[in-house]
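As structure tokens, the structure follows; a few thoughts come after it.
The values are calculated or read from the model by the stated rules, or taken from the named source; none is laboratory data. Just so you know, these numbers come straight off a predicted model, no measurement behind them. A quick note on method: Cβ atoms are made from the backbone with ideal geometry, for glycine too, and the neighbour counts reach across all protein chains shown. Ligands, DNA and RNA are stripped out before the accessible areas are found, and what is left, the full protein with its side chains, is counted by its heavy atoms. Shrake-Rupley method; radii C 1.70, N 1.55, O 1.52, S 1.80 Å.
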Amino acid sequence: MGEPKTVVLTGASSGIGAAAARALVAAGHEVILVGRAPERTTALADELGMRCMLADFEEALSVRDLAARLLEEVPRIDVLALNAGALYAERRRTIDGHERTWQVNLLSPTLLGRMLLPRLRESHGRVVVTSSAVHRTARLVAGDLEGDRSGYSMLRSYGAAKLAGLLVIDEMVRGGRYAEIGFASFHPGYVPSAIWRDSPMLQRLLASQVTRSFWTPPEQAALPLLYLATEAPAEELDGGYWHGLKPRRIRHPQWDDVQLRASLREAVMGFDTAIV
Ligand SMILES: NC(=O)c1ccc[n+]([C@@H]2O[C@H](COP(=O)([O-])OP(=O)(O)OC[C@H]3O[C@@H](n4cnc5c(N)ncnc54)[C@H](OP(=O)(O)O)[C@@H]3O)[C@@H](O)[C@H]2O)c1
């Protein structure tokens with residue numbers, strides 16, 4: 001192992017995040033565990049002897065408070081691992097007026113990342129995003145990013161937010177403004193975690209012995225996060241997407257859609273205009 005790093009890990013209270021937190025701590029790194037559920041998050045923090053912080057990504061204010069607390073209390077951040085994510089059976093608007101899959105999986109992590117960029121710049125740090133291969137089937141509509149004008153589907157909304165997340169990373173890297181910071185995203189594999197709680201059918205499918213060869217245990221799913229956060233040479237953090245432990249070129253029909261990218265930039269920056 002190289003130097004011990006300070007890792008801010010969202011979605012640390014469960015599934016892939018909890019497995020990553022355990023592995024990072026076992027490897028000698030400091031992890032600030034960020035979760036939403038107080039009991040799960042504090043229980044893991046106690047188990048690992050690490051600090052934890054709570055935030056609800058359905059509320060911009062909660063994300064801003066988290067970022068402010070991190071800036072206040074953590075003088076050096078080497079890695080921001082944006083791992084929290086969720087799928088919902090029903091469409092709902094958040095208190096901030098956004099479709100909640102979009103806010104939890106895209107707007108909030110991007111806001112947190114933007115607020116922590118100055119700190120990450122100081123440490124020549126890394127941003128590692130837990131994405132999903134589901135992005136491949138997603139389609140975004142420039143004038144209707146949150147899908148208000150189409151019917152709601154849990155996987156479609158989730159995939160759209162994950163695709164948008166990949167585009168946002170690419171925009172940041174292409175813009176060249178954050179050259180001191182490394183960026184990477186990865187698909188962890190399909191894991192029978194709590195994320196599927198809103199879909200009993202998918203949950204059953206993932207848990208069944210028949211599909212066992214198709215799914216990945218959380219400890220294995222966490223390996224790309226570990227590698228990209230703490231082991232990969234800096235030049236590998238070039239904004240690329242990894243499928244497990246292998247880099248993979250994104251081949252999405254909308255990847256070079258200039259109008260879509262402009263619309264997305266506007267949506268992300270407009271989420272909290274008080275942040276520059
Ligand atoms: N499982 C898969 O098959 C799979 C496949 C591809 C990608 N992924 C991605 O992997 C990441 C981790 O998922 P997982 O499978 O480990 O699921 P999980 O066990 O459900 O964990 C999700 C984590 O995100 C947090 N989270 C959910 N909603 C939140 C909110 N509103 N505010 C703050 N935190 C919130 C949860 O916090 P609490 O527990 O404290 O509520 C939990 O720590 C996600 O980004 C997911 O999209 C998963």
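Points to keep in mind about this one:
- Inclusion of S199 among residues that are over 24 Å from V31 (Cα atoms), more than 13 Å from the ligand (Cβ to nearest atom) and out of contact with any Gly (no Cβ under 8 Å at 6 or more places or on another chain) is not warranted.
- Here is the figure for segment 171-209: residues that are within 29 Å of A89 (Cα to Cα), outside any loop (DSSP other than H, G, I, E, B) and open to solvent by 20 Å² or more (accessible area, probe 1.4 Å) total 12.
- Reported count of residues in segment 210-242, each being open to solvent by 50 Å² or more (accessible area, probe 1.4 Å) and in a helix (DSSP H, G or I), is 12.
- Flag for E3 being outside any loop (DSSP other than H, G, I, E, B) and open to solvent by 20 Å² or more (accessible area, probe 1.4 Å): no
- Where a residue in segment 252-269 is under 12 Å from A164 (Cα atoms) and its partner, wherever it lies, is surrounded by fewer than 14 Cβ atoms within 10 Å (Cβ to Cβ) and small (G, A, S), with Cβ under 7 Å and at least six apart: S263/G143
- In segment 165-188, the residues that are more than 18 Å from R265 (Cα to Cα) and at pLDDT below 95 never reach a residue that is within 16 Å of the ligand (Cβ to nearest atom) and in a helix (DSSP H, G or I) with C-beta atoms less than 8 angstrom apart, at least six apart or across chains.
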